[in-house]
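Since the structure comes first, as structure tokens, the remarks are kept for the end.
The values are calculated or read from the model by the stated rules, or taken from the named source; none is laboratory data. Fair warning: this is a prediction, and the values are worked out from it, not measured in the lab. Here Cβ is always computed from backbone atoms with ideal geometry, including for glycine, and neighbour counts include all displayed protein chains. These accessible areas exclude ligands, DNA and RNA; they are computed on the full protein's heavy atoms, side chains included. Shrake-Rupley method; radii C 1.70, N 1.55, O 1.52, S 1.80 Å.
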Amino acid sequence: MTLERFAPLPLQDSYDNAGLQIGQTEAEVSGVLLCLDVTEDVVREAVSLSANMIVAHHPLLFHPLRHIAGGSTAERATSLAIKHDIAIYAAHTNLDNAEGGVNYRIAAKLGAKVLSFLRPISESAGSGVIAALSEPLTPEQLLEEVSSTFRVESLCHNDYRGGSPISRIAICGGAGGFLLRDAIARGCQAFLTGEIGYHDYFGHEDEIMILEAGHYQSEQYTIDLLGDIISGAHPALPVFRTKIDTNPIKYYTKWQEKKRQSKEK
């Protein structure tokens with residue numbers, strides 16, 4: 001399969017469940033809908049587009065289902081996909097760990113050049129990447145660059161006290177807190193990830209700048225990566241990008257509330 005040539009399933013982490021989750025391997029694909037998360041609305045969107053396959057980054061079936069009775073989001077989406085004969089495939093940590101994968105795409109969006117894997121698995125795979133920014137940035141400039149590039153409504157960061165401009169950055173999309181110490185040990189000046197624990201922020205103010213963009217925000221361009229892989233190998237195949245925002249986390253600010261109120265007047 002095209003995706004597995006780019007990101008072989010053995011590259012996935014031990015806890016993961018990447019690969020074909022619903023459907024038959026021999027079925028002919030008439031159209032593909034790309035998304036980060038499979039929800040009922042995404043399945044309905046595939047039906048409306050006559051796409052009989054959904055390719056997601058996050059596995060729909062991450063934990064085993066004991067029954068399919070509509071009691072959870074995963075159960076309902078699974079039932080709906082089976083009812084409409086829609087195959088579901090997930091390219092998750094295997095795509096994170098692959099050369100040219102998710103973290104490479106994040107680096108590219110920042111205009112940064114990947115130098116190496118942050119925690120290598122082999123010469124051609126690993127967790128996270130180390131990248132060089134095209135030009136050194138002050139902490140404030142890096143905050144602005146990440147916020148605007150990834151459309152982050154609330155960018156969390158630590159009180160970094162390093163003196164020199166930042167040029168060497170560690171990157172891990174999604175939940176990358178487990179790589180913080182690797183980033184420090186490898187001499188990175190900043191670490192950009194989607195999620196990191198509260199207590200991980202403490203004690204690193206003089207060592208490294210921590211930027212937490214949000215899980216969804218950090219991985220949003222994975223949809224484009226998947227599209228490039230599939231369309232590059234099958235240019236005649238209809239490939240659609242979901243128009244549904246599947247981020248389950250919403251953000252409230254006074255600015256947003258004032259904007260809403262002004263529209264209602």
Keeping to pairs on different chains or 8 or more places apart, tell me how many lysine pairs in the chain have Cα atoms under 25 Å apart.
11
Test of understanding: what is the full-extension gain from residue 159 to residue 41, defined as 0.36 nm times their sequence separation minus their Cα-Cα distance?
38.5 nm
If one compares the long axis through the Cα atoms of helix 73-83 with the longest principal axis of the Cα atoms of the chain, the angle in degrees, nearest 10, works out at 40 degrees
In degrees, nearest 10, the alpha-carbon axis of helix 139-149 is tilted away from the dominant principal axis of the alpha carbons of the chain by 20 degrees
P(r) of region 142-249 in 5 Å steps, Cα pairs, percent per bin?
2, 11, 20, 20, 16, 11, 8, 6, 3, 1, 0
Could you tell me what fraction of 2.2 N^0.38 Å the Cα radius of gyration of region 108-161 comes to, as a two-decimal ratio?
1.32
Ignoring everything but the protein chains, give the 1.4 Å probe accessible area of residue 149 in square angstrom, nearest 10.
20 Å²
Matching label for the computed mean projected area of the Cα convex hull in nm², out of [x] 13.4; [y] 19.2; [z] 16.6, is [z]
The chain, Gaussian network, Cα under 10 Å: of 189, 12, 141, the residue fluctuating most is 141
Along the Cα→Cβ direction, 7 angstrom out, place labels at residue 73 and residue 2. What is the inter-label distance in nm?
2.8 nm
Here the gain from full extension of residue 198 to residue 148, 0.36 nm per residue of separation minus their alpha-carbon distance, amounts to 15.6 nm
Probe of 1.4 angstrom, ligands and nucleic acids ignored: what's the accessible area per residue over region 129-198, in square angstrom?
46 Å²
In region 48-166, carbon and sulfur make up what percent of the accessible area (probe 1.4 Å)?
49 percent
Run the quick spin-label model on residue 25 and residue 122: label points 7 Å from Cα toward the beta carbon, then report their separation in nm to one decimal.
1.9 nm
For residue 239, which sequence-distant residues (separation of 5 or more, or a different chain) have an amide H within less than 5 Å of its own amide H, given hydrogens modelled in the peptide plane?
32
Return the inverse of the average 1/r over all pairs of distinct C-alpha atoms in region 6-50, which is the Kirkwood hydrodynamic radius, in Å to one decimal.
12.8 Å
With a cut-off of 19 Å, note down the residues of region 12-26 whose backbone N falls inside the zone around a label point 7 Å from the Cα of residue 175 toward its beta carbon.
12-19
Charge dipole (debye, nearest 20) of the chain; +1 at Cβ of Lys and Arg, -1 at Cβ of Asp and Glu
640 debye
Please give the FRET efficiency for residue 246 paired with residue 9, using the beta carbon to beta carbon distance and R0 = 35 Å, rounded to the nearest 0.05.
0.90
Can you work out ³J(HN,Hα) from phi for every residue in region 97-107, in order, using Karplus 6.51 cos²θ - 1.76 cosθ + 1.60 and θ = phi - 60°, giving whole Hz and x for Gly and Pro?
8, 7, 5, x, x, 4, 6, 5, 5, 4, 4
So what is the 222 nm mean residue ellipticity for the chain from helices alone, if each DSSP H run of at least 4 adds -39500 (n - 2.57) and you divide by all residues, rounding to the nearest 500 deg cm²/dmol?
-8500 deg cm²/dmol
